[in-house]
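The values are calculated or read from the model by the stated rules, or taken from the named source; none is laboratory data. Remember, it's a predicted structure, so these values are computed and weren't measured experimentally. In this analysis, Cβ positions are derived from the backbone assuming ideal geometry, glycine residues included, and neighbour counts consider all displayed protein chains.
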Amino acid sequence: MEAREPLAPDAPALELRGIQKAYPGVVAVGGVDLDLRAGEIHALVGENGAGKSTLANVAFGAIKPDAGTVRAAGTVGLVHQHFQLVGRLSVWQNVMLGREPRRGWRIDARAGRERVRALARDNGLEIDPDAFVDELPIGVQQRVELLRELEREPAVLLLDEPTAALAPAEIDSFFKTITQLAARGTAIMIVTHKLHEVLAYSSRVSVMRHGKIVARFETASTSVDEIARAMVGGELPQVAQRSETAPAPRFSVRNLRAGTGSVALNGLNFEVRAGEIVGIAGVEGNGQTTLADAIAGVIPFEGEMQRPPHTGIIPQDRHREGLVLNWSIVDNTVLGRQRLPSARRGILVDRRSARADAEAIAQRFDVRAASLDVAAGTLSGGNQQKIVVGRSLLGDPEFVLAYQPTRGIDVGAAALVQSRLIEARNAGAAILLISFELDEILALADRVLVMYRGAIAGEFSGANIDRGRIGNLMAGSSV
Amino acid sequence: MSYLKRTLGGPAGAILLAFFLAAVAMLVAGVSPLDGFEALFIGSLGGRNQIAETLVQTTALLFPALGITLAFRAGLFNIGAEGQLVIGGLAAGALGAHFAPATPLAIFVLLAAGFVGGGIWGGIAGWLRAQFNANEIISTLMLNFVALAVANYLVSGPLKASNASGAETTPLPASSYLPTLIPDTRLSIAIVIAIGAAIVLRWLLKRTVFGYELRASGEAPDAARRNGVNMPRMTLLALTLSGAIAGLGGATIVTGVLHRFNTQLSPGYGYTAIAVALVGDLNPLWVCVAAFGFGILEAGGLAMQALADVPKDAIHVIEGLIILVLAARRYVATRAEAAPI
Amino acid sequence: MSSAGGALIVTLLTLTLIKSTPIIYAALGGVISERSGVVNIGLEGMMIGGAFTAVLFSGMTGSPVIGIIAGIAAGALLGFILGFAATVFKVDQIVAGTGINLVAAGGAAYALTLIYNQPGASPQVSALGNNFWILVAIAFACAALLHGVLYFTPWGLRVRACGENPRAVHDAGLHPLRLRLYAVILSGALAGLGGAFLSIGEVNIYSDGMTAGRGFIALAAVIFGRWTPWGATGAAIFFGFFEALQYVLQGHISWLPADAMQALPYVAALFAIAGLVGKVRAPAADGIPY
């Protein structure tokens, strides 16, 4: 464990020189120089699509750059945003995969367990080596992912959006571990878009935009605002204003139960009124997907649900659940509406109205596409999401379920999507917004419900909306 | 380069490969490929009778291929067209031999019986998948063997013609024969019905709400599920309809070619039809073209065996290799909640 | 119990062991392939390849042992083709497996005509005779061995990880595609051995259609046995029992005709996969190209 000679503080641990990487039609990284020093926590920030993840993967060695050199003073480890774990293997098996201790032809399970237990203890991470990964909460799974990288005793540790799925309390303990690691000489780079964390824990910040590093800051002498402006290259886009509405109930659930295990819903009661946005705040994995699935009619549920006939649904995963990627924009416009009288002529799909609808969406949402007949899969994430959102708002639905409506899209597209949701609300739609980004909830919602372990842990509205208390409830502590 | 790759990786490449492999098979059999191909083409296209026989084979392949096309487009691997074909033929043959009214209407009744019989056979797999999440690949395969056992039992027992030496049903009355298209050949108007079915299937898939939902289920099952498609119902409907089309094919073989049912109805049309559907790129009209191509192979293969001494089974090796090549294309989206296999 | 009834039961149990053996081999092949993430619909074709090649080589050399080895090699070769297609070309595994089945069935029929000039069945060759019991025993040894390899060796751990999340295997510095290729080759070898047992173990000829869907039944056994070696072996015995039952009952039950009883194992397989009602979970990356 102590085999590796720690690097002197501030010694260069990772040097990236002139890194370039292009994909068909897009330059992901266009000439980047970056140094990491031993013992520092370096934040790499930027919008979605700025090239951060590509750069991290080049540094890790998973992507070969078109040009440029990577020099590392030792092993480079990468903790993925989407954990790459094997759910049906135990913690120690995941950590030791590929470097299994042996006794003869067999794996030495005891040695593996002990190695993981010692590693966890040394890094202040609490974990049961024999637990099966898919039975662990997301926060603990992340520890497994981290342990797996630490087992290789990396000189450089790259973390891609490490806190995306963590509750506030878990985030604190996570950074405690990271800070200790840095203090022992590991160079750490965090790829993130959460600027508050950047300010709280990093020593330096590099900002990427359009594949280039456009600004570098010492954390001590910068601000969230300054970093945010560098990220978008100017002023932040404005979101539409909310107006007064007359609320009447449009959607309600009474004693809603669905799903099994840790994501089961334990009897939810709430309603969404016309002209209001109700935000469901919560850490990922507390039953939000079960709720969305029950509302979309994809899973069975018990209890009562009042859902108006004309409902628009914005699913969480536009690639898998929102679009048929091989189909044209026009064909995708019909999806989910194919049985509405306005989208068909008898038993036939009304192709003329589909095209007119697609044109309307393209205009209202500023969809950038060569034509409406190109496959949805060829569009950028932002444009794809605009189609999904635009489609769900067609024909003024009475109720809209928006699950992570701005996930993974750039700030401009996100502001547009948020504005259109607010406009729909102003026009009288009842909107249920499920988001893991508390900032988004606070920006859009009239009322906030906090979801924790499949139940509503608290409700806030108007002046009572309090970021701190919501954060506590999300983490499971009672106020 | 990418254009070349796309073309050669697709149906065109598969057909080129087919010719190459056919030549290899002939060389292995000690026959000059020139002689072999000559026999193949003379045997399939060399005259009125040969062309008629090629079209008979085309028809026999086209129905199950259309059924397979429909199922694959819905994201369901129906490997059971063979059994559905047999059950369809059995239903028509049994009804025609014993209960058919001696009116011109009889032929419609028999074709409907085949359609329904094949539909039930496909529908069993659909029901098992929709109700119990039983993988349709295994269930349709198992049902092929069950269909053969059922047919064997019926034609050698309860339905066996009293004066027949082999296992077959009583011949149909002439009033329930499908009209012949080219006199003194085995070619009936079944080919017209098959092409009509292809046109209807294309319209169904391309224009109707049902077809829209069916294609969405195949291309992006999670998106379909979440956007108002009742997936269990779609699974049941698609496999039922798929089986029904194959079953209709079985009925046309009984009423148009054999004029009775026996268990030699299909020398594996239901399996070859998978290749036909894939070469036709799961597009009903191209499937018609592909069926004609494979009809040439099937009809010519016999001539090749007779005239050039190349075993006709070489044709099936070639079909298998074509399927292997075409497997490089993605036909069915990966499902998040697939039935276990 | 009358001695006739006792004899019947002994016959039934003996026959069950014999009829289970080829299905066990193929099902074990299915387990190793699917645990690595490749669905092997081509098991049937690999059995055909093994059955025919075993007869061919036993006939040529007069040694059934060489026949068995050749059968294993033929299955492994077909496994290599499927594995190569599945890993390097990332083909649709179901479609490719179907292709393997047609190639093997057509190839065997073609070769029968070409080599023996007698379509339908080969001439008789030297077979294992009473020594076929050794192969029955080896089937169970293979199950034990596969269990040990999958659950106790590094390679087994990696193969299982590969069937769940090949990306994680790659990130651990290993080669998921290579692991899958080896697993599918092994799968083919086992299926080939199962086929060889059919042709020169149980009998002494190859005939067209002699595998009769056992490769597909083996797939059902993999599911029914929940992707574990012992589970699949148990399921294979279950299906083998119904096949044996059909032979034993044929002479004894007049109201159930022989042809209808031929459907027994297939119907049993249908019930087996339908009766599981979502209680099973396949390897997460099973059938998904990496």
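Numerical summary
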quantity	calculated
Only one of C:LEU264, C:LEU193, C:LEU256 that is surrounded by fewer than 24 Cβ atoms within 10 Å (Cβ to Cβ) and within 21 Å of the chain's Cα centre (by Cα)	C:LEU264
Strands (runs of 3 or more DSSP E) enclosed by the stretch A:239-329 - at least 3 residues per element that are surrounded by 23 or more Cβ atoms within 10 Å (Cβ to Cβ)	A:249-258, A:265-273, A:277-281, A:311-314
Filter pass, A:VAL417 being touching a Lys or Arg at 6+ places or on another chain (Cβ under 9 Å) and under 14 Å from A:SER435 (Cβ atoms)	yes
Selected residue [within 14 Å of another protein chain (Cβ to nearest Cβ) and surrounded by fewer than 19 Cβ atoms within 10 Å (Cβ to Cβ)] from A:GLY104, A:GLY77, A:GLY124	A:GLY104
Search result, residues across the stretch C:106-128 that are facing chain B (nearest Cβ under 9 Å) and not hydroxyl-bearing (Ser, Thr, Tyr)	C:GLY106, C:GLY107, C:ALA108, C:ALA109, C:ALA111, C:LEU112, C:LEU114, C:PRO119
Test: residue in the stretch A:83-100 that is free of Cβ contacts under 8 Å to residues at least 60 places away in the same chain, closer than 30 Å to A:ASP33 by Cα and surrounded by fewer than 17 Cβ atoms within 10 Å (Cβ to Cβ)	no
Unmet requirement for B:PHE108, which otherwise passes all of (1) surrounded by fewer than 17 Cβ atoms within 10 Å (Cβ to Cβ); (2) within 11 Å of another protein chain (Cβ to nearest Cβ)	(2)
Residue check, B:GLY96 buried (at least 24 other Cβ atoms within 10 Å of the Cβ) and in contact with a helix residue (DSSP H, G or I) (Cβ under 8 Å, 6 or more places away or on another chain)	yes
Matching strands (runs of 3 or more DSSP E) fully within the stretch A:17-77 where at least 3 residues are within 22 Å of A:ALA228 (Cβ to Cβ)	A:26-37, A:41-46
Test for C:GLN124: is it free of Cβ contacts under 8 Å to residues at least 40 places away in the same chain and outside any helix (DSSP H, G or I)	no
Extreme residue, farthest from the chain's Cα centre (by Cα), among residues of the stretch A:249-281 that are at pLDDT below 90 and within 21 Å of A:ILE313 (Cβ to Cβ)	A:PRO249
In the stretch A:151-175, the residues that are touching a Gly at 6+ places or on another chain (Cβ under 7 Å) and in a helix (DSSP H, G or I)	A:PRO168, A:GLU170
Among the candidates A:GLU302, A:GLU271, residue that is among the charged types (D, E, K, R), touching a residue at least 40 places away in the same chain (Cβ under 8 Å) and in contact with a strand residue (DSSP E or B) (Cβ under 6 Å, 6 or more places away or on another chain)	A:GLU302
Leading residue by the ranking (nearest to the other protein chains (Cβ to nearest Cβ)) among those in the stretch A:341-355 that are surrounded by fewer than 19 Cβ atoms within 10 Å (Cβ to Cβ) and in a strand (DSSP E or B)	A:LEU348
Search result, residues across the stretch B:292-317 that are under 19 Å from the mean Cα position of the chain (by Cα) and within 8 Å of another protein chain (Cβ to nearest Cβ)	B:ASP313, B:ILE315, B:HIS316, B:VAL317
Verdict on A:SER328 being over 17 Å from A:GLY382 (Cα atoms) and either polar (S, T, N, Q) or more than 8 Å from chain B (Cβ to nearest Cβ) (or both)	no
Whichever residue in the stretch A:107-119 is within 15 Å of C:THR153 (Cα to Cα) and buried (at least 18 other Cβ atoms within 10 Å of the Cβ) and, among such residues, is nearest to the other protein chains (Cβ to nearest Cβ)	A:ILE107
Hey, A:ARG229 basic (Lys, Arg) and surrounded by 16 or more Cβ atoms within 10 Å (Cβ to Cβ) or not	no
Residue that is in contact with a Cys (Cβ under 8 Å, 6 or more places away or on another chain) and farther than 19 Å from C:ILE94 by Cα, where the choices are C:PRO176, C:PRO265	C:PRO176
Number of positions in the stretch C:82-92 that are within 8 Å of chain B (Cβ to nearest Cβ) and under 17 Å from the mean Cα position of the chain (by Cα)	0
Listing of helices (runs of 4 or more DSSP H) fully contained in the stretch C:182-283 that carry 1 or more residues being at pLDDT 90 or above and away from chain B (no Cβ under 14 Å)	C:229-250
Test: residue in the stretch A:332-340 that is more than 11 Å from chain B (Cβ to nearest Cβ) and either of a type in the set (Gly, Ala, Ser) or farther than 29 Å from A:GLY471 by Cβ (or both)	yes
Subset tally (residues that are in a loop (DSSP other than H, G, I, E, B) and β-branched (Val, Ile, Thr)) for the stretch A:209-238	1
Any hit, the stretch C:235-245, residues being under 24 Å from B:PRO340 (Cα atoms), under 11 Å from the mean Cα position of the chain (by Cα) and β-branched (Val, Ile, Thr)	no
